[in-house]
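Undergrad: Right, I'll just put the structure down here and ask away after.
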Amino acid sequence: MKPLRSIAANAVALLLFTLAWHATTLVVRSPFYPKPLDVLKAFCKLALEGDIEGYSLGLHIGVSLLRVISGFLFACATGIPLGLAMGLYRPAYESTRSIIEPVRFIPPIAWIPLAIVLLRGFSRYVFLIWLGAFFPVFINTLASIHRVSQVHVELAKVFGGDRSFILAKVVIPSIMPEVLAGMRIGLGVGWMCIVAAEMIGGEMVGLGSLILKYAELLRVPEVICGMVVIGVVGLLMNELFLAAERRLFKWRREVVV
Amino acid sequence: MDVEVKGIVKSFGELLVLDHISFNVRSGEFVAVCGPTGCGKTTLMKIIAGLLKPDSGEVLLAGEPVDYRRHNIGFVFQEPSYLPWRTVWGNVKFGLEAKVSSLGWKLTREEVDKRVKWAIELVGLEGFESYYPHQISGGMKQKVALAQALATDPHLLLMDEPFGALDIQTRYYMENELLRVWSKLRKTVIFVTHYIEEAVYLADRVIVLSSLPAKVKAEVDVSLPRPRDVTSSRFVEIRREITELIRWW
Ligand SMILES: Nc1ncnc2c1ncn2[C@@H]1O[C@H](COP(=O)(O)OP(=O)(O)OP(=O)(O)O)[C@@H](O)[C@H]1O
Ligand SMILES: [Mg+2]
C-alpha cells in the first residue's frame, strides 16, 4: 500500500474503533468502564498537571524506558554471547537443554516472589525485564548460526582466514539480521514486562506504577491511559528498530522486499 | 605452480568417490577436469585445495603437501559464494583481508586498494564497485568471484564449474573473458566442467574422469592455437574423441 493510503486507512480504522468503543460504553453503562473522551481528558491532565503525586506523564515514560532499556541491554550482553557460544559449540546447548528450555516457558510474573526475596531496588526491574528479553535474543542468536553458509566459511578458509577472521568477517555478518530481529522482539517482550517489574519495584514512578496506583483508586480512565501509552511507546520502539534494520541490511532488500 | 595429484582415494562412509586419482599439472598450464555429474569433481577440487583430507594419497604444490595457509590458492566455488552483505568492492577485497589479518601479509591500505582496483578492472567490473550482489547479473557475480580469487595473485586457480549456472550465451562470453585474463596472467588453472565443449575450448589438456567411483579415464592434449574455432575439424575431432571416451564407460 502507498504510504498516504495506508495513513488514511489507519486513520479511518482508528476512528471506527473509537466509535465502537464509545458505543459499547452506552450499552455497558458501568461507572468503571470509561468513554474514549474520559481517557483523553485523563491523558491531558496527566500530561499537563501530572498524577496525584505530581509526577508528570513524561517522567513516568522516561523512568520506565530507562528500566526497560537497562534490562534489555543486560539481556543482549548475556544472550548474544551465550547464543553465539552455544550455537558454535552445539554440545554446550544439547547438554543444557533440560535447564534452558523449561526456564524459557516460565512467565516473568512467576519470578516475582523470588525476585522480592533475592533482589533489591533497581536490580529487580532489570532482572524481570531481562527474563522477558533474554530468550528471544538468545534463541534467535543460537538458531542464526545455521544461517552461516558453509561456502562462505570455506571461502574464508581457502584464503587463509583463521577462526577469529571467520568469526568476525563471516559468522557475525551472516547472523546480524537474525540477531537484530531477536533484539527487536526481546525489546518488545521486555517492554511488556514493565508492569510486572514495577509491581515489585516499590517506587511510585513508571508507567506500570501509574497503572497500579490508579487501579487501586479505581480510576479506570488513567489506567487505560497508561495502557495506551505503553502500547504506543512499544510501537514506536519497534518501528525505530525496523527502520534501523532496513538501513543496516540494505543488501537484504531482495529478500525482505 | 606445479601440481601433483598422487593416488587420491576418498570415500564418504560406504561410498567410494575417488579411486586412486593421479595426474600432474605444469606451472602455467590450463587443465580442465571433465566428468559426469556426481562423479566427485567438487570433492577432488576441495582435496586439491586442502579443504578436504583424502583417505590416502597426497597433493603436492611445488613439491610440498598442500596447505592453503602457505600456498596461495584461488578457489571459485560451484555454488554462489559471494558475500551478500558486501559490495562488489568489499567482496573482491575479502581474500586480501584474510591474508592481511590471518597470514600477516604486510600490505598497506593503499596497496590493498590498488590490488582490488586492479582485479576489478581486470575482469571489467569498473563502475559497479558499490553495487551489492543482488543488484548485478549472474555473469557479473562470477566475475566478482574471479576478481576476488585473482586479487590475492594466487599461484594456483581452482575453478569448480564456475559457469555452470549461466545461460549459454553468457557462458561463451565468460569463457572468452577467462581466456583473456588467463593469457595475460598465465596462472596455473584447474577448471572443472561437465561440458566437453567448454573443456576443449579452454584447456591445454583435458583430464577425463569416469563415473562413480571416479578414476582418471584419459588425458587428452588439446594442442590447438587460441582463439579456438569450435567448428574447425580438429576441434570437433577432439570433442568427439572425449565424448566417445565417456560414452564407452
Ligand atoms: N560431505 C559429503 N558427505 C557425503 N557424501 C558426499 C559429500 N560430498 C559429496 N558426497 C557424495 O560424493 C559424490 C561426489 O560429489 P561431488 O560433489 O564431488 O560431485 P561432482 O562431480 O562435483 O558433482 P556435480 O557435477 O553435480 O557438481 C556424490 O555422490 C555425493 O553424494
Ligand atoms: Mg560439483
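Readers should treat all values here as calculations from the given coordinates under stated rules, not as data from a laboratory. Bear in mind that the values here come from a model prediction, so they are computed numbers and not experimental data. Quick reminder, even Gly has a Cβ in these numbers, built from the backbone with ideal geometry, and neighbours come from all protein chains shown.
Undergrad: What's the average, rounded to a whole number, of partner chain beta-carbon atoms within 10 Å of each residue's beta-carbon in A:139-151?
TA: Details: counts 0, 0, 0, 0, 0, 0, 0, 0, 0, 0, 5, 2, 8.
The per-residue average across the peptide is 1.
Undergrad: Over the residues of chain B, compute the C-alpha Rg and express it relative to 2.2 N^0.38 Å.
TA: 1.00
Undergrad: About the Cα centre of segment B:72-173, how large is the charge dipole given +1 on each Lys and Arg Cβ and -1 on each Asp and Glu Cβ? Please answer in debye to the nearest 20.
TA: 200 debye
Undergrad: Just the Cα atoms of segment B:193-249: what Rg and Dmax do they give in Å?
TA: Every Cα atom of segment B:193-249 included, Rg and Dmax give 11.2, 35 Å.
Undergrad: I'd like the distance separating the alpha-carbon centroids of segment A:108-151 and segment A:1-20, in whole Å.
TA: Here the answer is 36 Å between Cα centres.
Undergrad: What's the longest piece of chain A with no exposed trypsin sites (Lys or Arg not before Pro), counting a site as exposed if DSSP puts it in a loop and it has at most 12 other beta carbons within 10 Å?
TA: Longest gap between qualifying sites, sites excluded: A:121-257.
Undergrad: Place +1 on the Cβ of every Lys and Arg and -1 on the Cβ of every Asp and Glu in chain B, take the dipole about the Cα centre, and give the residue among B:F163, B:G50, B:V112 whose Cα lies farthest towards its positive end.
TA: Projecting each Cα onto the dipole axis, the largest value belongs to B:V112.
Undergrad: Hey, another quick one. Can you list the equivalent-ellipsoid semi-axes of segment B:23-90, largest first and in whole Å, using the square root of 5 times each Cα gyration tensor eigenvalue?
TA: The three semi-axes for segment B:23-90 are 23, 17, 13 Å.
Undergrad: Magnitude of the Cβ-charge dipole of segment B:193-249, K/R +1 and D/E -1, about the Cα centre, nearest 20 debye? Spell out each step's value before the answer.
TA: Values: 9 positive and 9 negative charges, 20 e Å.
In debye, rounded to 20, segment B:193-249 gives about 100.
Undergrad: So who's got an amide H within less than 5 Å of the one on B:T188, skipping anything under 5 residues away but keeping other chains? H placed 1.01 Å off N, in plane.
TA: Excluding prolines and chain starts, which carry no amide H, the hits are B:G28, B:L157.
Undergrad: May I ask for the percentage of alpha-carbon pairs in segment B:72-173 that lie more than 25 Å from each other?
TA: Values: 712 of 5151 pairs.
Roughly 14 percent, rounded to a whole number.
Undergrad: Next up: In a Debye calculation with equal point scatterers on the alpha-carbon sites of the protein assembly as shown and no solvent, what is log10 I(q)/I(0) at q = 0.08, 0.13 Å⁻¹?
TA: The Debye formula, applied to the Cα set alone, gives -0.69, -1.20.
Undergrad: If packing is taken as the average count of other Cβ atoms within 10 Å, what order do A:12-20, B:195-203 fall into, highest mean first?
TA: B:195-203, A:12-20
Undergrad: Next question, about the same structure. Kirkwood Rh, segment A:32-247, all Cα pairs: how many Å?
TA: 19.1 Å
Undergrad: Okay, moving on. Search the structure for amide H atoms under 5 Å from the amide H of B:V76, placed 1.01 Å from N in the peptide plane, and list their residues when 5 or more places away or on another chain.
TA: B:L158, B:M159, B:D160
Undergrad: Same structure, new question: Treating only the Cβ atoms of Lys and Arg (+1) and Asp and Glu (-1) as charged, compute the dipole magnitude of segment A:32-247 about its Cα centre; round to the nearest 20 debye. Please list the in-between numbers first.
TA: Values: 18 positive and 15 negative charges, 87 e Å.
Computed about the Cα centre, the dipole is about 420 debye.
Undergrad: Here's a follow-up. Please compute the average number of Cβ atoms from other chains found within 10 Å of each residue's Cβ in peptide A:64-72.
TA: For this peptide, the per-residue mean of nearby foreign Cβ atoms is 0.
Undergrad: Could you give the semi-axes, largest first, of the ellipsoid that matches segment A:10-78, computed as the square roots of 5 times the alpha carbon gyration tensor eigenvalues and rounded to whole Å?
TA: 32, 19, 12
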